[in-house]
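The values are calculated or read from the model by the stated rules, or taken from the named source; none is laboratory data. Keep in mind it's a predicted model, so treat the numbers as computed, not measured. Backbone-built Cβ (ideal geometry, glycine too); neighbour counts: all protein chains shown.
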Amino acid sequence: MKAKSFDAVKFMRETRNELSKKYQHSPEAQEKDLSRIRKKYCNLKRTTTNKRLKVAR
């Protein structure tokens with residue numbers, strides 16, 4: 001088996017665990033991060049794919 005130079009699953013697991021620890025110690029940090037993300041992405045133009053996904057749900 002070929003050795004991987006980058007393991008995406010391992011990376012995502014580590015990232016999830018770090019964020020989990022951060023937010024357990026400071027729940028207001030999670031709210032702050034989420035509001036910043038919403039503000040950043042709220043003005044994106046909707047595509048036809050996004051519209052279809054919303055209707056399908």
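Table for the structure above
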| quantity | calculated |
| --- | --- |
| Enumeration of residues in segment 1-15 that are part of a helix (DSSP H, G or I) and loosely packed, with under 10 Cβ neighbours inside 10 Å | ALA8, VAL9 |
| Any hit, segment 46-54, residues being in a helix (DSSP H, G or I), modelled with pLDDT of 90 or more and surrounded by fewer than 10 Cβ atoms within 10 Å (Cβ to Cβ) | no |
